[in-house]
1. Just Gly27, Gly273, Gly129 to compare: in a GNM of the chain, with alpha carbon springs under 10 Å, which one fluctuates most?
2. Quick one: which residues, 5+ away or cross-chain, put their amide H under 5 Å from the amide H of Ile104? H built at 1.01 Å from N.
3. Assuming 0.36 nm per residue, please report the length gained on full extension of the stretch Glu149 to Glu212 beyond their Cα-Cα distance.
4. Need the full-extension length gain, Ser263 to Asn48, defined as separation in residues times 0.36 nm minus the C-alpha distance. One decimal, nm.
5. What are the ³J(HN,Hα) couplings of region 164-174, residue after residue, when phi is run through the Karplus curve with 6.51, -1.76, 1.60 and θ = phi - 60°? Round to Hz, x for glycine and proline.
6. I'd like the orientation of helix 3-40 relative to the chain: the angle between its Cα long axis and the longest Cα principal axis, in ° from 0 to 90, rounded to 10.
7. Mind checking the full-extension length gain between Arg81 and Lys116? Use 0.36 nm per residue of separation minus the Cα-Cα distance, one decimal, nm.
8. In terms of the Cα gyration tensor, with a ≥ b ≥ c the square roots of its eigenvalues, is region 38-184 rounded because a/c is under 1.5, prolate because a/b exceeds b/c, or oblate?
Amino acid sequence: MSTEEKIKKTEKKRLSRRKIILLIVAGVVALMTAAEFVRSNYYIETENIVYKSENVPEGFDGAKIVQVSDYHNHGGSYDDRLIEKITEQRPDYIFLTGDIADSIQTDIDDAKSFLKKVSKITDCYLVWGNHDYDISDEQREEMAQCCEENGIIVLENEFTVIERGGDKMLLVGTVSGMDSGFVGEMLEDYPEEKLFTVWLHHYPEDFYEIAETSEAAGSRADLIFAGHAHGGLIRLPYILYGLCAPGQGFFPEYTSGVYQYGSTRMIVSRGVGNSGYTKRFLDPFHLVVCTLESQSED
């Protein structure tokens, strides 16, 4: 065999090895992508957040809140896993921050079944989201009736006072924009005493408005719980910023975790369900567990 033929043979072997390596790498990437896709649309991630503030009354020190957002009438065996996960946290309160129903693949029976199950864990408070308003009035009334029958407090531009250990907390639930007359009317009836205030609102993009509107009304919003963004659906590797969210568009500002504006903090859940036919990537279902801690002024 001539030298030239040997060189050509060696080069063919190298190219063959490169192809094999590339195929192996492509296969590994495909498997990892498929595994992450399954994880993001199956696994329920629990995030523990401690909210520490001098505004938290001593009676609420150590109170544990579980936030459930964007359930989207998931149904099926998933319900049992989700309920078990919530129960394991041993919450004192459960805040349901909207989109219990899904207006694209609507199954009110699944939504009602979940509400019945979650109500048995502890005290539950709920605000509606956009999908809850996009279903028919009759369907939403069915859900509201289910809430009433099972002791879930629904707040539609309303507030309630929760008492614990001799102290009080103001819990506000809003379902419309801060410039709506409904919210203005609610704020006119605010308690005169300055209470520690927790605000439930489905839309995180209203963060600044809630903080400023409540302060202008002579009150405050200490802690806001929101959802809606679904974590941005696809979270970019390493930086884990969401790609797109309803109400915020591409590269949304509020998708997951804790945000601060002045003295107001907001916790955003990525949600525990998918809307319609949408799926997630690098963005598993998200159960927020928030523990309140009273911090002395010194």
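Nothing in this text is a laboratory measurement; each read-out follows from the coordinates by a stated rule. Note that the structure is predicted; figures quoted are calculated from it, not measured. Quick reminder, even Gly has a Cβ in these numbers, built from the backbone with ideal geometry, and neighbours come from all protein chains shown.
1. Highest fluctuation among the options: Gly27.
2. Gly276
3. 19.1 nm
4. Contour length minus the Cα-Cα distance gives 75.3 nm.
5. 7, x, x, 10, 10, 10, 8, 10, 10, x, 10
6. Its long axis makes an angle of about 20 degrees.
7. Residue separation times 0.36 nm, minus the Cα-Cα distance, leaves 11.1 nm.
8. oblate
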